[in-house]
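Please read the structure below before turning to the comments.
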Amino acid sequence: MLEIEFEEPIEEICECCGNTTTKLTRFIYKDDDAFGIYYAQFTKDHERKNVKGLISLGDWGTDITSSRVSFLFNLWLDNQDYNIEILDANDSPWKNEILGKLLTRNEALHHSWVKEVYHITDHIVLEDEVLIKYLNNTK
Ligand SMILES: [Zn+2]
C-alpha cells in the first residue's frame, strides 16, 4: 500500500516572470517503509500549464544514497485527462546528492521501477490537492 505525506507548500518568485512558483515536497511510504520522496513545482500564469516533478525511489530508511534513483517528469491536463511524460533528469531543477542517480530519459524508461513511478503519479493526480487544484483551475 502506498501512502503520501504532504509538507506545507513553499512559495517563491519565479526568476523568469516574477509570478509565484509553488514548490512541493512529499514523502512516499510503501507498506509503512520510507520508499521515496517527490518534489513538484509549478508557476502561476506560465504560458504552459504544467507541473514538473522529480521522484526519487530506493532505500529511504538509511543515509546511504547509492540505492536511490531519480525520475524527472512533466505532468499536465488535457481534456480532463492527466498526461505524464518522463524527462531527462540531467535537466532537473533538483540536483541534491540525497536523490541518488539522476536517470536520463532512456535509463528511466527502461528501469524496472518505472512502473512504480506511474503508480505514484496515479496517486499524485488523485491525492496531491495543491497540484490538482492548480491543473484544474481553468481561469
Ligand atoms: Zn516564470
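The values are calculated or read from the model by the stated rules, or taken from the named source; none is laboratory data. Note that the coordinates shown come from a computational prediction; the quantities given were computed from them, not determined experimentally. A quick note on method: Cβ atoms are made from the backbone with ideal geometry, for glycine too, and the neighbour counts reach across all protein chains shown. What goes into the accessible areas is simple: the full protein's heavy atoms, side chains included, and nothing from ligands, DNA or RNA. Shrake-Rupley method; radii C 1.70, N 1.55, O 1.52, S 1.80 Å.
A few remarks follow.
- Test: Glu129 is farther than 26 Å from Thr62 by Cα and open to solvent by 80 Å² or more (accessible area, probe 1.4 Å): yes
- Here the condition is being more than 16 Å from the ligand (Cβ to nearest atom), under 20 Å from Leu75 (Cβ atoms) and either at pLDDT 95 or above or surrounded by fewer than 15 Cβ atoms within 10 Å (Cβ to Cβ) (or both); of Glu11, Glu7, it holds for Glu7 alone.
- Looking only at segment 14-23, and only at residues there that are surrounded by 11 or more Cβ atoms within 10 Å (Cβ to Cβ) and within 10 Å of the ligand (Cβ to nearest atom), the one that is farthest from Ala40 (Cα to Cα): Cys17
- The number of residues in segment 1-19 that are in a strand (DSSP E or B) and touching a residue at least 24 places away in the same chain (Cβ under 8 Å) comes to 5.
- Selection count, segment 14-42, where residues are of a type in the set (A, V, I, L, M) and at pLDDT below 95: 1
- Residues (open to solvent by 90 Å² or more (accessible area, probe 1.4 Å) and touching a Leu at 6+ places or on another chain (Cβ under 7 Å)) located in segment 96-116: Arg105
- Members of segment 41-75 found to be within 16 Å of the ligand (Cβ to nearest atom) and either among the hydrophobic types (A, V, I, L, M, F, W, C) or open to solvent by 50 Å² or more (accessible area, probe 1.4 Å) (or both), listed by number: Phe42, Lys44, Asp45, His46, Glu47, Arg48, Lys49, Val51, Lys52
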